[in-house]
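Structure first, commentary second.
The values are calculated or read from the model by the stated rules, or taken from the named source; none is laboratory data. These figures come from a predicted structure and were not determined experimentally. Here Cβ is always computed from backbone atoms with ideal geometry, including for glycine, and neighbour counts include all displayed protein chains.
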Amino acid sequence: MKILSLTVGVLLLGIVGWTNAADCNCPARLSPADELAASSTVMEAYVVAVGSTTGESTAYSVAVNKVWKGSPMATATIHTLGAGTSCSVTLEIGKNYLIYAKGENLETGFCSRTFDEATHVGRLDYQEDLSAFKNSTAQ
């Protein structure tokens with residue numbers, strides 16, 4: 001009986017809203033050059049703090065190291081989809097990220113090429129991104 005209860009509980013958990021990035025309905029992943037073109041701002045930045053979180057978005061304060069596209073800036077606030085949504089991305093304090101952001105609010109999410117540099121340096125996707133930036137001057 002305990003096994004049946006546990007099985008039913010796990011099934012209900014799956015039905016009632018366990019969300020993860022695999023549930024995010026992203027269009028085909030863009031190449032680095034296409035993502036650069038589609039983004040209003042592309043930067044390398046260090047996450048300093050997590051700001052306000054609403055049901056729809058989380059704000060992160062970042063110190064900007066380089067800007068490949070967009071206005072030069074020393075600091076910025078990056079907005080991601082709210083935690084728990086299937087397309088959310090969580091940035092960690094103390095890590096450097098390559099951030100592809102869109103719009104005036106500098107919004108990014110799971111479907112963009114935004115990623116933590118420590119995980120990706122030396123990997124092909126990171127090298128592809130840097131190669132795409134060679135025609136763009138870092139500020």
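Details
- From Val64, Val42, Val48, residue being at pLDDT 90 or above, over 13 Å from Tyr100 (Cβ atoms) and touching an Asp or Glu at 6+ places or on another chain (Cβ under 9 Å): Val64
- Check on Ala33, more than 14 Å from Gly109 (Cβ to Cβ), touching a helix residue (DSSP H, G or I) at 6+ places or on another chain (Cβ under 8 Å) and not in a strand (DSSP E or B): yes
- Scanning region 49-72 for residues that are over 23 Å from Glu35 (Cα atoms) and in a strand (DSSP E or B) turns up Ala49, Val50, Gly51, Ser52, Thr53.
- The residues of region 89-109 that are of a type in the set (Ser, Thr, Tyr), farther than 10 Å from Tyr46 by Cα and crowded, with 19+ Cβ neighbours inside 10 Å, listed by number, are Tyr100, Thr108.
- Taken over region 30-79, the residue count meeting the criterion of being in contact (Cβ under 8 Å) with a residue 40 or more places away in the chain and among the aromatic types (Phe, Trp, Tyr) is 2.
- For Glu56, the requirement of being among the charged types (D, E, K, R) and exposed (fewer than 14 other Cβ atoms within 10 Å of the Cβ) is met.
- Only one of the numbered conditions (1) exposed (fewer than 10 other Cβ atoms within 10 Å of the Cβ); (2) in a helix (DSSP H, G or I); (3) modelled with pLDDT of 50 or more is violated by Pro27, and that is (2).
- Number of the condition not met by Tyr100 [criteria: (1) in a loop (DSSP other than H, G, I, E, B); (2) at pLDDT 90 or above; (3) aromatic (Phe, Trp, Tyr)]: (1)
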